[in-house]
Amino acid sequence: MRFILMTRATRHSEAGVRPSRESIDAMNAYHEELEKAGVLLAAERLYPSSSGLRMSFSRPGGQPSVTSGPLAEVNELVAGFTLIEVKSEEEAIEWALRVPDPHGYGEGVIELRQLFDRRTPAQDPGMRVLEDELHSQIDMLKKS
């Protein structure tokens, strides 16, 4: 099972302030532990949103509207990620609980999410029914 630990942006990271030396050292040690355990797939920091853009699709099949950074919703932005592959959700949670403060300024927020595995279809039949219903509703919107 693959999981992503997304590090949320802060006012410091969006201003281009590097994490504290202690935070960098702690995060490097954490990533080394993940690597030694054989679960680390990737780990990267992102530049502030001022160097990026956002594309929003308001109509199915339509052209996106493009907004250049910086983007205003700092607490909704991602500043980095760590991608791991583990045997269970419980193991992913155990690793997530060991993440140090990513910025070192007491504002760190990490979000743990499982990635879909395109090789394995969803096993829950109830979820498939809901998914089919949502696809039907989306198709109706496209036709109107």
Look through LEU41, LEU34 and report the one residue that is touching a Leu at 6+ places or on another chain (Cβ under 8 Å), modelled with pLDDT of 90 or more and assigned to a helix (DSSP H, G or I). LEU34
Anything in the stretch 44-57 that is assigned to a strand (DSSP E or B) and surrounded by 14 or more Cβ atoms within 10 Å (Cβ to Cβ)? List them, or say none. ARG45, ARG54
Yes/no for PRO60 being open to solvent by 50 Å² or more (accessible area, probe 1.4 Å), in contact (Cβ under 8 Å) with a residue 24 or more places away in the chain and over 20 Å from the mean Cα position of the chain (by Cα): yes
Can you tell me which residues in the stretch 63-87 are open to solvent by less than 30 Å² (accessible area, probe 1.4 Å), under 25 Å from PHE116 (Cβ atoms) and over 16 Å from the mean Cα position of the chain (by Cα)? VAL86
Return a yes/no flag: does the stretch 17-32 have any residue that is in contact (Cβ under 8 Å) with a residue 24 or more places away in the chain and within 30 Å of ASP139 (Cα to Cα). no
For the structure I just gave you, tell me whether ALA92 is hydrophobic (A, V, I, L, M, F, W, C), at pLDDT 95 or above and under 25 Å from ALA15 (Cα atoms). no
Would you confirm whether or not the stretch 97-104 contains a residue that is at pLDDT 95 or above and surrounded by fewer than 14 Cβ atoms within 10 Å (Cβ to Cβ)? yes
Filter the stretch 105-122 for residues that are surrounded by fewer than 15 Cβ atoms within 10 Å (Cβ to Cβ) and among the aromatic types (Phe, Trp, Tyr) and give the result. PHE116
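The values are calculated or read from the model by the stated rules, or taken from the named source; none is laboratory data. As the structure is a prediction and not an experimental result, all values here were calculated from the model. Neighbour counts are summed over all protein chains in view; Cβ atoms, including those assigned to glycine, are modelled from backbone coordinates with ideal geometry. Please note that ligands, DNA and RNA were not included when accessible areas were found on the heavy atoms of the full protein model with its side chains. Shrake-Rupley method; radii C 1.70, N 1.55, O 1.52, S 1.80 Å.
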